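Okay, so here's the structure we're looking at.
The values are calculated or read from the model by the stated rules, or taken from the named source; none is laboratory data. Here the structure is a predicted model, which is why all the values come from computation and not from measurement. Cβ atoms come from the backbone with ideal geometry, glycine included; neighbour counts cover every protein chain shown. In case anyone asks, the SASA skips ligands and DNA or RNA and just uses the protein heavy atoms, side chains included. Shrake-Rupley method; radii C 1.70, N 1.55, O 1.52, S 1.80 Å.
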Amino acid sequence: MERTFHMLLYRVSHAQRSYLRPYAAEIGLGTGQPKLVSYLAEHGPCRQRELADYFEIDPAAVSRMLDNMRKAGFVTCRADERNRRSDVVELTEKGRTAYGNWRAHCREMEGIMLQGFSEEERAAFAQYLSRAYNNFKVRQGERGGSRT
């Protein structure tokens with residue numbers, strides 16, 4: 001088995017996506033949409049730009065995802081009272097239900113992925129992943145990196 005970190009991370013990420021993809025489709029969420037539903041459920045209404053910044057993705061991609069989610073009844077968009085040029089996005093009841101279903105599947109996936117890990121190992125693993133992510137962010141800052 002390949003033991004390089006990049007390949008191990010790829011394989012785990014691929015396995016996770018492959019496990020969760022059918023559930024997203026079952027709930028009615030398309031590619032990239034579950035993370036937006038999760039963010040809105042956990043942080044409440046926000047502007048599209050906040051979503052793009054948090055997930056480090058193109059604002060136009062967020063706009064397309066939200067447009068499809070609005071058409072499917074998962075979110076509503078309204079003008080921001082403080083800045084009429086921006087929209088505030090909020091989950092509908094259907095969106096909150098989808099989040100509950102999605103979160104249940106994610107917990108199941110995490111249980112499978114972390115089977116046999118002690119609580120200490122789980123905490124350390126989460127800390128290692130956070131540190132690795134922060135290392136990339138520092139490096140991007142040093143290089144003047146931008147979102148892709």
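Counting only protein heavy atoms and a probe of 1.4 Å, the accessible surface of region 17-148 is 49% carbon and sulfur. Look at the Cα gyration tensor of region 29-78: its axes a ≥ b ≥ c give a/c under 1.5, and that counts as rounded.
Treating r as the C-beta distance of K35 and R3 and R0 as 30 Å, the FRET efficiency rounds to 0.55.
Recomputing Kirkwood radius over Cα pairs in Å from the coordinates shown identifies the correct label among (i) 15.8; (ii) 17.3; (iii) 15.0 as (ii). Springs between alpha-carbon atoms under 10 Å, Gaussian network over the chain: tell me which of A72, A132, A61 tops the mean-square fluctuations. Residue with maximal mean-square fluctuation among A72, A132, A61: A132. Between S118 and E26, the simple label model (points 7 Å from Cα in the Cβ direction) yields a spacing of 3.4 nm.
So, R0 is 25 Å and r is the distance between the beta-carbons of K71 and S13; what FRET efficiency does that work out to, to 0.05? It comes to 0.30. Partners of K71 within straight-line reach, counting lysines whose Cα lies under 25 Å from its Cα and excluding those fewer than 8 residues away in the same chain: K35, K94. Of the listed residues H6, H105, H43, the order by accessible area with a 1.4 Å probe, largest first, is H6, H43, H105. Take the chain with all the other protein chains still there, run a 1.4 Å probe, and you get 70 Å² of accessible area per residue.
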